[in-house]
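The values are calculated or read from the model by the stated rules, or taken from the named source; none is laboratory data. Just so we're clear, the structure is a prediction, and the values are computed from it rather than from any experiment. Virtual Cβ from ideal backbone geometry, glycine too; neighbours counted across all protein chains shown. These accessible areas exclude ligands, DNA and RNA; they are computed on the full protein's heavy atoms, side chains included. Shrake-Rupley method; radii C 1.70, N 1.55, O 1.52, S 1.80 Å.
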Amino acid sequence: MKPDFVEMLVCPKCHRSLRPPGGPDPGADIQSGELKCTEGHTFPIVGGIPRFVDSELYVQNFGFEWNVHADTQLDNSASDESERTFRSKTGFTPELLRGKRVLDVGCGMGRFSDVASRWGAIVVGIDLSQAVEAAQRNIGSRQNFHISQANVFELPFEDGTFDFIFSIGVLHHTPNTKAAFDNLPKLLRDKGKIAIWLYTSYGGIQWRFSDLYRRVTPRLPQRVLHTVSYASVPLYYVYKVPILGFFLRWVLPVSNHPKRQWRVLDTFDWYSPRYQWKHTYEEVFPWFEEHGLTDIRVLGVPVAVQGTKRPEAHPIAAPTESTATTITQ
């Protein structure tokens, strides 16, 4: 944990400032100890990561997933797929983020924090799961990256802390997607931007069989389900067989990513979460409007939405049936 990160944090319970542990070198990274507020709430620092939760709650699958596949989706000299995905699902660019303070909500092993930090942003990643361990190993040494294990429903930040916020494929894995989103806009500075990407419920018939299997799969031992996910490796080729492949895509839906390990990861990622909600633009747009966000934009991949915090924005009443919503792209 870098010493300057403490300045960004507050107690998630009472929002008082936090005092770092003392040490012989106040400028050195903090590997252990505890953060303490004036009200007496304490939070341990373990492995250089401040921990604001006592357990992974309902996301143990993601802690397992991202530590097994810690670098599967990281960009490298042979692939920039994560950077392209980040652009399409947030609408952000290097020019926008450079030098800005950015919050990655549900950073996992750091896939998209990696992109934003390479672009020159000051990135703060939070995750409820033990995936923070993988993120720390992957990019924790970067001076412009900070990480904490925290709950989106009890975040350790003051209002107006960030210039940009993004959450890609995370909020729909909480008990209540909208309630999770509602904790984020207030953390933006004036004219700051927030972008989220959620699973879509458009064409919902295609999820019929996977939703049926998901009544069981989240309860399976993680290693068992991960092993079963390797069925995606041969099915990728069987899917190409005329007629049979079309049938199996519906009856045995798994990831069809061209990369072998991505197929296994994406298949496990689909079938393992306890919560997996799906949404529409018509549902999500009012969430942004209720927080006074403006310039609400549809992005490249459903359901991806971006909005901007207007100066001195205040929550407004939920739109009525007569309220006209303009969708820009």
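Evaluate the following for residue 215: is it open to solvent by 30 Å² or more (accessible area, probe 1.4 Å), part of a loop (DSSP other than H, G, I, E, B) and in contact with a helix residue (DSSP H, G or I) (Cβ under 8 Å, 6 or more places away or on another chain)?
No.
Residues of segment 57-71 being in a loop (DSSP other than H, G, I, E, B) and surrounded by fewer than 18 Cβ atoms within 10 Å (Cβ to Cβ), which ones?
Scanning segment 57-71 gives 57, 58, 71.
Output the number of residues of segment 238-280 satisfying the condition of being open to solvent by 10 Å² or more (accessible area, probe 1.4 Å), within 19 Å of the chain's Cα centre (by Cα) and of a type in the set (Phe, Trp, Tyr).
Qualifying residue count, segment 238-280: 5.
Return the residue satisfying two criteria in turn: it lies in segment 17-56 and is of a type in the set (A, V, I, L, M, F, W, C) and assigned to a strand (DSSP E or B), and of such residues it is nearest to residue 148 (Cα to Cα).
Per the criteria, the residue is 49.
Would you check if residue 180 is of a type in the set (Gly, Ala, Ser), in contact with a helix residue (DSSP H, G or I) (Cβ under 6 Å, 6 or more places away or on another chain) and not in a strand (DSSP E or B)?
The answer is yes for residue 180.
Considering only segment 39-97, state which residues are closer than 30 Å to residue 17 by Cα, of a type in the set (D, E, K, R) and in contact with a helix residue (DSSP H, G or I) (Cβ under 7 Å, 6 or more places away or on another chain).
56
Looking at residue 35 and the list (1) touching an Asp or Glu at 6+ places or on another chain (Cβ under 6 Å); (2) open to solvent by less than 70 Å² (accessible area, probe 1.4 Å); (3) closer than 23 Å to residue 122 by Cα, which single condition is not satisfied?
(1)
Considering only residues that are in contact with a Pro (Cβ under 9 Å, 6 or more places away or on another chain) and within 24 Å of residue 277 (Cα to Cα), look in segment 218-237 and name the one that is least open to solvent (accessible area, probe 1.4 Å).
Filtering first and then ranking leaves 225.
Being closer than 15 Å to residue 90 by Cβ, at pLDDT 95 or above, crowded, with 24+ Cβ neighbours inside 10 Å and over 16 Å from the mean Cα position of the chain (by Cα): is that true of residue 121 here? Let's see the steps before the verdict.
Numbers: closer than 15 Å to residue 90 by Cβ: yes; at pLDDT 95 or above: yes; crowded, with 24+ Cβ neighbours inside 10 Å: yes; over 16 Å from the mean Cα position of the chain (by Cα): yes.
Against the criterion (closer than 15 Å to residue 90 by Cβ, at pLDDT 95 or above, crowded, with 24+ Cβ neighbours inside 10 Å and over 16 Å from the mean Cα position of the chain (by Cα)), residue 121 qualifies.
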